[in-house]
Amino acid sequence: MMCPDNPKIKEMLRTIGVSSVNELFSDIPREVRIERLNLPDGKCELDVKKEIEAILKKNKTTDDIVSFLGAGIYDHFIPSAVFSIIGRSEFYTSYTPYQAEASQGMLQALFEYQSLMAELTGMDAINSSMYDGATALGEAALMCARLSHKSEFIFPRTIHWEKKSVLDNYSKGCGLKLKEVGYNAENGKIDLKHLKELVNEDTAGVYIENPNFFGVLEDEIDKVKEIIGNVLFVVGVNPISLGIVKAPGDYGADIVVGDAQPLGNPMNFGGPLLGIFGCRKKWIRSMPGRVIGLTKDANGKRAFCMTLQTREQHIRRSKATSNICSNESLCAVATAVYLSLIGRDGLKKLAAINISKARELAQRIDGIDGFKAPLFNAHHFNEFVVSSSLDMDVVDEHLREHGIQGGIRLNEHFEELKNTALYCTTETHVAKAHDALIKALEELV
Amino acid sequence: MNYHQSRYDEPLIFEIEEGEPIKVPNYPIKDNMIPKNLKRKGLDIPTLSEESVVRHYTRLSQMNYGIDTGFYPLGSCTMKYNRKVMEEIAGWREVTNVHPYQDDAAVQGSLEIMYRLQRMLCEIGGVDAVTLQPAAGAQGEFTGLLITRAYHELNGEKRNEVILPDSSHGTNPASAVMAGYDVVEIPSKAGCVDLEALSSAVSKDTAVLMLTNPNLLGLFEKDVVRISKLLHDHGALLYYDGANLNAIMGITTPGKMDFDIVHFNLHKTFGTPHGGGGPGGGPLGVKKHLEKFLPIPSVEYNGSKYHLDYDRSHSIGKIKGFYGNFNVLVKAYVYIKLMGSDGLKEVTERAVLNANYLKARLEKHFDIPFKNHRKHEFVVDGSKLKERGLRTLDLAKRLLDYGFHAPTIYFPHLVEEAMMIEPTETESKETLDDFVDAMIKILNEDVELVKNAPYNTSVRRVSEVEAARNLILSMRMYEK
Ligand SMILES: Cc1ncc(COP(=O)(O)O)c(C=O)c1O
């Protein structure tokens, strides 16, 4: 209860013309009232901090364990300056820049994010963020349906099962039918023959992930493009790989999606993430989400503002291109800062390291009796599938005893991949981490 | 009036002189072979020194207005002050440096926070189960509508209509369409749901009614009990848009008002910062009969251990990757702990007091339709400004010169030249008085002066028309 004797409150009540705060709630019917919220009373900052510290201590961080998990969320190096900038409260306590004149900082930073991602992906326009890579894919499928007025969307089996479920949920509403294209069991790449069978006059769009969920680089992308012809081509990326891998815009993509978490955003137990969404100029008006445009102020000075808002829910309501309102802007600023700090050569080097280390680790695992890595005969980025003749449960348990978190198991979602796991390594894994894994695996033989 | 925002002719990051960048971790590259046809050609991103990057973004931040700068009465957005301790805790390595697929045993801390937050939100929402997965309010809506669909389908019913009032937020109809529904918009009467219009709209095709209470005019829908009965009698569900929860905590709950589904905007009511647009959090709560449809996984507790439970018989599956914006969830948890039962009620009382005080003071100078008390916000009708050749937009821009963020403008659509004002509970009487003084002063200012505002921001009035006419969304489009 607010202290009713506080003179300021009294004065406010007098101005309103009521005698108590309760009177302001007199229109709430008795039958819907509650006695009180059944929660403990508030605590001071010190006590709350201590309590939460005690709870969070039960977590094991990357400082405590050696982890080979990836599968959509990656532990990459983040320069301290990133946190310093996004920790500036002028940024993080602002909201959507509705008042452009007072929000040039956020607007310019987001324009720079859009520009940097456009350069990386080879698209003309990138929106100022989607929730994550999975929802960006869902939105891309809807955009293909909108643009083409066709009823089927083709996606590869080699995507994360969570993404597949999200895609399914996003597609349901407009009745878009999803068709899964298989992969080549030998090299893990998209099954071109199957793709050819699936593409037809009802195809609204085709999605390919590069690298795919197994870390495999899809290098027959030109053939994919040949097969799908003019059908809308959606490409999913891991943006770090684009330091050395060709921009999707250079191999025919119409829409690019992905997750920019690896570019300057921590793992955070799964979120927030940063959905990338970009497209070619001719499709811009059908794009979901917010976009920042470059313009002028009344003095002719360069300035920025939100633009193409007539696509958005607050204006267009049921005819909007998406329902998204709050997005992941601060993560986009983090990514802009990250890319500016790492720079051209840094990103190239990071991409190279991540390819090289994955290959090196796979070869070392492959050298151990009972293990095969990579399972697929292809070029990999960041991660690769390991298969084993041993029981993977036993392997995982053994690793756990050594303070190692093995890769994510695949068999539950890919029944054809028995006794397999997806292992990931990045620049944050020191040489000792690889050694520890190899040593532990060797003990099993 | 002595507000002056920083003003730099700040170049784009692409236009800054290149320098020696920070080093990336060193690792001997043995084999970075990639297929020939996948080799990248050029990469045109800048290479800069750390200090030039930091100075650039520091200057940009100084050209940005946040709650920490001043009053931010953006209606419907609940721009309350964000406690710093939330930021600190969310930055701990136990929060940031944990992978979502680590074994349950290695993430007991994260799971405990999530489990407890689920329980707290159940209490605040008056619901039986909560999913923390949705990334924002709009995604909560989408999730709730997919659940609605799954519920009716399981009952063997095909209901294809979502009813919502014309004052509803744009995300409501947009989410409904994304979930495959037809939207039936009903007119308001005296700012509230018109029961008659509602009765004639409800039918066996009605899947759900989406409502926020108090609504977007800040008015409490007094007929809520009759409304929920009407919908339930027709076999339809009720969805509560939780954007305005700040107005009812400790007084009533959506569950008590008989709503079946409710989303929470953590970045509004629960004081997590808005991040320049996000990230936020949009957990969704449901009554018992809908629990089985919630997304997977849920966080459960067996008396000694927390675990992720994927075993939900009729789950709609996933609506986003992983488990939600965990970092934001931590902040909301901290907030609720700090406030507690007593504090949350006080939040509501003060938010409502502040709104009504501001309304009472402004009423003498502006048209404020609907005479009843408001809850946490109210809408000003700015059409009278036209008599002087001004618009709400001009007033909003001029407010910036006085060091205030403008209210939400031109929404809700049913009030002409609308100005939607939500002061929140964290503002002092002095701030509110200063804001009123500025509003009144602007009314009496020279028309041309107001029309050409703002003057004290980092740029003068920005041309949205030019941005739309000559679309430049990236450096690539700039240079082309
Ligand atoms: C009434 C109302 N409903 C829904 C939303 C959407 O919430 P979010 O931005 O978190 O997606 C908002 C946000 O502005 C709102 O004010």
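The table that follows gives values for the structure above.
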read-out: Contact order normalised by residue count of chain B, Cα under 8 Å, 6+ apart, percent; value: 20
read-out: Accessible area of chain A belonging to carbon and sulfur atoms, whole % at 1.4 Å probe; value: 48
read-out: A:Arg302, A:Arg36, B:Arg40, ranked by accessible area, largest first (probe 1.4 Å); value: A:Arg36, A:Arg302, B:Arg40
read-out: Average partner coverage of A:239-248, which counts Cβ from other chains inside 10 Å; value: 3
read-out: Dipole-positive endmost among B:Tyr81, B:Thr69, B:Phe14 within the range B:1-111 (Cβ charges, Cα centre); value: B:Phe14
read-out: Between the range A:14-50 and the range B:235-261, the alpha-carbon center distance in angstrom; value: 16
read-out: DSSP bridge pairs, the range B:86-338: antiparallel proportion in percent, nearest 5; value: 45
read-out: Heavy atoms of B:Met339 accessible to a 1.4 Å probe, total area in Å² rounded to 10; value: 40
read-out: Under 5 Å, built H, 5+ apart or other chain: amide partners of B:Val184; value: B:Val162, B:Ile163, B:Leu164
read-out: Ratio Rg/Rh, restricted to the range B:284-342 and using Cα atoms, in which Rh is the Kirkwood radius; value: 1.02
read-out: Solvent accessible area, Å² - A:Asp219, 1.4 Å probe, full protein context; value: 30
read-out: Net charge of Cβ neighbours under 11 Å - reference B:Leu43; Lys, Arg +1; Asp, Glu -1; value: +2
read-out: Euclidean distance between Cα centres, the range A:166-209 to the range B:289-303, Å; value: 31
read-out: Efficiency of FRET between A:Asn299 and B:Asn444 - r from beta-carbon atoms, R0 30 angstrom, step 0.05; value: 0.70
read-out: Contour minus Cα-Cα distance for A:Arg285 and A:Phe77 (0.36 nm per residue); value: 71.3 nm
read-out: About the Cα centre, charge dipole magnitude for the protein assembly as shown (Lys/Arg +1, Asp/Glu -1 at Cβ), debye; value: 1320
read-out: Shielding by other protein chains, A:305-313, mean Cβ within 10 Å; value: 5
read-out: Value of [θ]222 nm, deg cm²/dmol, for chain B, DSSP H segments ≥ 4, -39500 (n - 2.57) each, nearest 500; value: -10500 deg cm²/dmol
read-out: Accessible area (Å², per residue) of the protein assembly as shown, counting only protein heavy atoms and a probe of 1.4 Å; value: 33
read-out: Efficiency of FRET from Cβ geometry, B:Asn452 and A:Thr15, R₀ 41 Å, rounded to 0.05; value: 0.75
read-out: 10 Å Cβ neighbours from other chains, averaged over peptide B:427-435; value: 1
read-out: 10 Å binning of all Cα-Cα separations within the range B:13-62, expressed as whole percents from 0 upward; value: 19, 32, 31, 15, 3
read-out: The range A:265-289-the range A:315-373 distance, computed between alpha-carbon centres (Å); value: 13
read-out: Listed residues A:Lys301, B:Lys386 arranged by accessible area, highest first, probe 1.4 Å; value: B:Lys386, A:Lys301
read-out: Calculated FRET value between A:Asp5 and B:Asp433, using beta carbons and R₀ = 30 Å, to 0.05; value: 0.90
read-out: Distance cut-off 24 Å, percentage of C-alpha pairs in the range A:192-342 lying past it; value: 46
read-out: For the range B:13-62: relative contact order, % (alpha-carbon pairs under 8 angstrom, 6 or more apart); value: 61
read-out: For the range B:345-469: span of alpha carbons on each principal axis (Å, largest first); value: 47, 30, 29
read-out: Taking the range A:90-139 and dividing mean pair separation by its residue count, relative contact order in percent (alpha carbons under 8 Å, at least six apart); value: 22
read-out: Viscosity 1.306 mPa s, temperature 10 °C, Stokes-Einstein D of the range A:152-219 from Kirkwood C-alpha radius, µm²/s; value: 129
read-out: Cα-based convex hull volume of chain B per residue, rounded to whole Å³; value: 201
read-out: Chains B and A together, accessible area buried on both sides, 1.4 angstrom probe, square angstrom; value: 17200
read-out: Exposure of B:Arg460 as accessible area (Å², to 10), given a probe of 1.4 Å and all protein chains; value: 50
read-out: Whole-percent pair-distance distribution, where bins are 5 Å wide, for the alpha carbons of the range A:80-339; value: 1, 6, 14, 18, 19, 16, 12, 7, 4, 2, 1, 0, 0
read-out: Choice from A:Phe83, A:Phe213, A:Phe25 with maximal GNM fluctuation in chain A (Cα, 10 Å cutoff); value: A:Phe25
read-out: Using distinct alpha-carbon pairs, which all enter the 1/r mean, Kirkwood radius of the range B:86-338 in Å; value: 18.4
read-out: Accessible carbon and sulfur surface of chain B relative to its total accessible area, %, 1.4 Å; value: 47
read-out: Net charge over other residues, Cβ less than 12 angstrom from the Cβ of B:Val352 (K, R count +1; D, E count -1); value: -2
read-out: Projected-area mean, chain A, by convex hull of Cα positions, square nanometres; value: 28.3
read-out: Ellipsoid semi-axes in whole angstrom, largest first, where each is sqrt(5λ) of the Cα gyration tensor of the range B:1-156; value: 39, 30, 20
read-out: Whole-Hz ³J(HN,Hα) from phi, Karplus 6.51 cos²θ - 1.76 cosθ + 1.60, for the range A:261-276, glycine and proline x; value: 3, x, 8, x, 10, x, 5, 6, 6, x, x, x, 10, 9, x, 8
read-out: Diffusion coefficient, µm² s⁻¹, Stokes-Einstein with Kirkwood Rh over alpha-carbon pairs of the protein assembly as shown at 4 °C and 1.567 mPa s; value: 46
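The values are calculated or read from the model by the stated rules, or taken from the named source; none is laboratory data. Bear in mind the structure is a predicted one, so any value in this text is a computation, not a measurement. Note that we place each Cβ from the backbone using ideal geometry, even for glycine, and neighbour counts take in every protein chain shown. These accessible areas exclude ligands, DNA and RNA; they are computed on the full protein's heavy atoms, side chains included. Shrake-Rupley method; radii C 1.70, N 1.55, O 1.52, S 1.80 Å.
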